[in-house]
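The values are calculated or read from the model by the stated rules, or taken from the named source; none is laboratory data. Being a predicted model, the structure only gives us computed values, none of them experimental. Positions of Cβ are generated from backbone atoms using ideal geometry, with glycine treated the same way; all protein chains shown enter the neighbour counts.
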Amino acid sequence: MKIYRFRLFIFILLLCSPAALLTAQPLSFRHLNTASGLLSDQGIQLCEDRMGRIWIATDEGINIFDGYAVTACTRDNKSGLLNNRINAILCDSAGTIWVATPAGLQYKNENSNRFATVENPSRLPLEKALLIREARTGILIFTKDSCFLVDHHKRVRPLYGISSLISTRANMLTASHVEGDTWLLGIRAKTLMVDIARQVLIRELPYDNAWSLCRVKGSEWLACGLAGDSVVLMNIDTGTMELVNNWKTANGKKLVGYGSEIERIDADRYAMGTRYHGLYILNTKTRSVEQYGNDPGDATSVNSSFLRRVLVTRNRTLVVHGNGISYTTLSEPAFSAVRSFTNEKRIKYQNVVNCFYQDSAGQLWIGTNNYLIKWNRHDPVSRFYSYYGKDEGPLDMRTIRAVLPDFRNRIWIGAFGDGFGRLRPDGGFDKIPTSITGRGDSLVSSEFHRVVADRHGNFLVATGARFYLFDPRTNKLETFRGHPQLRTITQGYTTHFFADRNDNWWFAQSRGLSFYDKKTDRVHAIALPGSQRDNNIFAVEEDLNGNIYACGYYGVYIIDPQTLQVKKQLDKSDGLETSYVVGLLRDLEGNIWIIGNRGLACYHPGAGTVVSFDEKDGLIQSNHRVSAYYRARDGELFIGTQTGFNHFYPSTLRIRSYPLQVFITDVYAEDSVLNVLDGRRLRFSYRGNSLVFRYLTVDYEHAGAMQYRYKLTGFDTTYIYAYKERLARYTNLPSGDYRFEAEASVNGKDWYKAVHPLVFTINRAFWNTWWFRLSALLLLAALACLFYKWRIGQVKKEARLRSDFEIRLNELEHKALRTQMNPHFIFNSLNTINSFINCNDRILANQYISKFSKLVRLTLDNSRAKKILLRDELEVIKIYIELEQVRFDQRFAYTLSTGGIDPDMVEIPSMIIQPFVENAILHGLLPADRPGTLMVAVSQHAATLLVVIEDDGVGRQAARKQKEQRPVNRKSHGLDITLKRIESFNKGYNVFEPVRIIDLEDAEGRPAGTRVVISLAIADAF
């Protein structure tokens, strides 16, 4: 009953005064909820993948947050999830995401976009899993009363020993790895130390109902639970416990328990979520705590004081769940930031900061749009002072544009539109009336932009209409309207009235920069480089060497004080975040701090170098204010913005490197999504040449300022600036090799490349590939070859048919020739016989008739055969020659030889020699005017039979002339037919020697006859 009453009291206290739980609020949280894309705010589990993304498991699916965008992974979007209710989630050391759902245990490899299901042939109750942990031998799965191990081959087996230890005591709550196979198990009883491999209990620890166990160092562990309000620092070797509830906050309040989860921040600090009291940061070194709860009036506080889940990422981002997700960075920035002020009445101011002044006690006085605020960095409560116009009401509060002390260290303020005021000890203000020392003034502009004190204690006042010199001792205001030199520039929009070390004056105005030399009583207009019409100057500063610096829309101008010429200009191209510069401030070391509309830079006059800073260094992501900057006596610099201010000591500023990790995650091609985190080389078909690349960098602090650029080497010649777009689209890419690169930057100057550029190839269309073209050429060549062979076959067939036809025709012609020759020869022979009879030469007539009859008989016999014996052919030749000798009165002699060849063993075509013999007699020997000789010689040469017919007649040329002189030229086809018969006969024996006809000459080169050489294939007679 006492416990119940205590809890009820705490609950009522929370309802009545949530702000009472708050102490200092240096952590600034951002938020995610269902309006930001969260699927649900119930059943939340958190884990971080190897890219640094936060996986948020809910009862409606999984969200993935990278600092900029929230994506969803559900059963309905082809993720492979079997059920949207996620009971547990883990990212193991290989990057595999494990989830437990009512449908079973599933996992997604880092280089995959789909979840797969762990096979469960034994039907183990994996659907009841509540915790997933990574062990040395695999993945541990805990249900309410059981434990299972999934080995590296995705095989599941129960751990009966561990399951027995859990089920015999109470429900499973948490599990934490100690070392090796040793684990701590938090259950609804004593905390257990077990050996997972041997499945045995090592010892029981005295802490009950441990919902979270977090190692501190060595054997010291922090333990907390939602069932009780005690938080302890426990030694797991001895079992001794220290009650953390006795640790106190800065304002002396003790820690209240009901811890839900503890996560390590660093060696000394630990973040703990609680049921009722928000977030605690436990410091084990100082034994102190910081508390961060929900403040309804502060949008940067945690969303709820009931926090169930806590996660600290590798890049030191703190993530908590309670009425949505709240997250903040834990890294110490280079620049400290103050974004809000709260007074004793819990009134909060988190708006524009205009000016600063630090008094001798170290209190900082800050002019804002609503109040003059006294701020103490060691006290969370600030004091607000209101300065009113005519009426004292919230609508009549004036903007404080200047705050500075006078010679008596009284605090003065310059109110925009309402003159000077001086702070009284009671917190009120005295409005200071001013007397005009200039002549002809009836109206004084009090639209203050900047008020500073010179070495004489006078206030140099810059306003929206003119500049003044104010003496706080006499309240006299000098307008310079009657000044012989300054009156020419007194009227004009002035943002800075500056006195240099020689007590000369510089005026930053909308018309430009002017310099007044008191010694010479002259005003000089400073000529600025460039052709811009807008020469608005916002601020003036002087370095230790007397060089003057002025700034405006186009950067910083460095002016030689002797020549009054601009000798150097600094702008964005020199490393500034922007060329739009609103302020200049010199630190104690002589460096010039350049305050851009956004961003900050330090210029070292000696080295001439520029070092830039931006949001990643801790600068508030807001525009800087004209004149909202200040250097305290100890050297600390203050820079005001639209939403607070930054402060830092330049001498102790640590410049850190903030490399960004850029990932190319997916490629969309042909209606599919490919995970490319492993950086493998891809190959796409010619149809898949329209691609979409997705890339990102995980940064929870500067995601809003992140910008990207990309380049597709092989297609793009320069980087494409995508700004915040994280998709790159390419359509109709030609075939070839490509390399996609993506880069990210926070400030637009420092670019960081993707960890794994994506290399891929788009294949050629098959008709454009070398193998297709080669195949096509080979096919065409093969077709051409086949066609050629077919055509050659056709030609050979036609030639064979033609040859057969010609042979047959030749045979017929030969037979016809012989048929024609026989009567002709008979006629000539009969004439010869008749002449013998007329001469009464019976003996010659009888001899001639005998030989003639024999020749006729042999001719008739031989004409019936294609081939005859060489003896028969030679006998016909002999009879024919002898008859011709008789006929022509022995005008020629002849020889007939066989060269050792047996004429009875060789066959030749019939009547193949006779036409050449006849031609030699008739056209060679007879036309000669002298007796001649005819030689017929047959010999064997290699595989051929050589027949030589040689005469010593007139030769072919003389015979041709005689033929041309005849009145009638009859064309003889006998010799042509004989040549074709010889060619056809030889072709059958693969002999291709042509008939050679040789013209013979004597020693003096005169025609001496003709020789015919016939090469015949040797055909043996059988």
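A few remarks follow.
- Residues of region 477-505 classified as exposed (fewer than 15 other Cβ atoms within 10 Å of the Cβ) and modelled with pLDDT under 90, total: 1
- Residues satisfying the stated conditions in region 721-773, i.e. touching a Phe, Trp or Tyr at 6+ places or on another chain (Cβ under 8 Å), basic (Lys, Arg) and within 25 Å of Lys616 (Cα to Cα): Lys724, Arg726
- When Asn732 is tested against (1) in contact (Cβ under 8 Å) with a residue 40 or more places away in the chain; (2) exposed (fewer than 12 other Cβ atoms within 10 Å of the Cβ); (3) part of a helix (DSSP H, G or I); (4) among the polar types (S, T, N, Q), exactly one condition is not met: (3).
- Verdict on Thr761 being outside any strand (DSSP E or B) and of a type in the set (Val, Ile, Thr): no
- For region 287-296, the criterion of being under 18 Å from Ile400 (Cβ atoms) and assigned to a strand (DSSP E or B) is met by none of the residues.
- Any chance Val948 is more than 28 Å from Arg800 (Cβ to Cβ) and either at pLDDT 90 or above or outside the structural domain of Ile881 (by TED's automatic domain parsing) (or both): yes
- Test: residue in region 670-681 that is farther than 30 Å from Tyr730 by Cα and surrounded by fewer than 16 Cβ atoms within 10 Å (Cβ to Cβ): no
- Filter result (hydrophobic (A, V, I, L, M, F, W, C) and either without any contact (Cβ under 8 Å) to a residue 24 or more places away in the chain or under 19 Å from Ala539 (Cβ atoms) (or both)) within region 470-507: Ile489, Phe497, Phe498, Ala499, Trp505, Trp506, Phe507
- Exactly one residue out of Gly583, Gly555, Gly546, Gly530 is farther than 17 Å from Thr609 by Cα, small (Gly, Ala, Ser) and crowded, with 18+ Cβ neighbours inside 10 Å: that is Gly583.
- One residue stands out in region 511-535 among those that are in a loop (DSSP other than H, G, I, E, B) and touching a residue at least 40 places away in the same chain (Cβ under 8 Å): the one that is farthest from Arg487 (Cα to Cα), namely Pro529.
- Residues in region 878-914 that are closer than 25 Å to Lys987 by Cα and in a helix (DSSP H, G or I): Gln914 only.
- Residues satisfying the stated conditions in region 109-162, i.e. within 26 Å of Ile44 (Cα to Cα), among the charged types (D, E, K, R) and outside any loop (DSSP other than H, G, I, E, B): Glu127, Lys128, Arg133, Glu134
- Among all positions in region 569-589, there is no residue which is in contact with a strand residue (DSSP E or B) (Cβ under 9 Å, 6 or more places away or on another chain), in a strand (DSSP E or B) and farther than 21 Å from Asp500 by Cβ.
- Residues that are within 19 Å of Asp229 (Cα to Cα) and of a type outside the set (A, V, I, L, M, F, W, C) were ranked within region 306-333; the one that is surrounded by the most Cβ atoms within 10 Å (Cβ to Cβ) is Gly322.
- Residue check, Trp412 assigned to a strand (DSSP E or B), out of contact with any Cys (no Cβ under 7 Å at 6 or more places or on another chain) and under 22 Å from Ser622 (Cα atoms): no
- Residues (touching a Ser or Thr at 6+ places or on another chain (Cβ under 8 Å) and among the small types (Gly, Ala, Ser)) located in region 904-938: Ser910, Ala920, Gly924, Ala937
- Pick from region 985-1018, criterion among the hydroxyl-bearing types (Ser, Thr, Tyr) and crowded, with 17+ Cβ neighbours inside 10 Å, ranking: nearest to Arg956 (Cα to Cα): Thr1010
- When residues of region 923-962 are limited to those that are polar (S, T, N, Q) and in a strand (DSSP E or B), the one nearest to Val995 (Cα to Cα): Thr944
- Number of the condition not met by Asp634 [criteria: (1) surrounded by 20 or more Cβ atoms within 10 Å (Cβ to Cβ); (2) in contact with a strand residue (DSSP E or B) (Cβ under 9 Å, 6 or more places away or on another chain); (3) not in a strand (DSSP E or B)]: (1)
- Flag if Ala223 is under 50 Å from the mean Cα position of the chain (by Cα) and either buried (at least 23 other Cβ atoms within 10 Å of the Cβ) or without any contact (Cβ under 8 Å) to a residue 40 or more places away in the chain (or both): yes
- Identity of the residue in region 963-999, part of a helix (DSSP H, G or I) and of a type in the set (S, T, N, Q), that ends up modelled with the highest pLDDT: Asn986
- Residue list for region 297-337, filter: assigned to a strand (DSSP E or B), among the polar types (S, T, N, Q) and within 19 Å of Leu660 (Cα to Cα): Thr317, Thr328, Thr329
- Taken together, the residues in region 174-202 that are in a strand (DSSP E or B) and either at pLDDT 95 or above or closer than 15 Å to Gly239 by Cα (or both) amount to 20.
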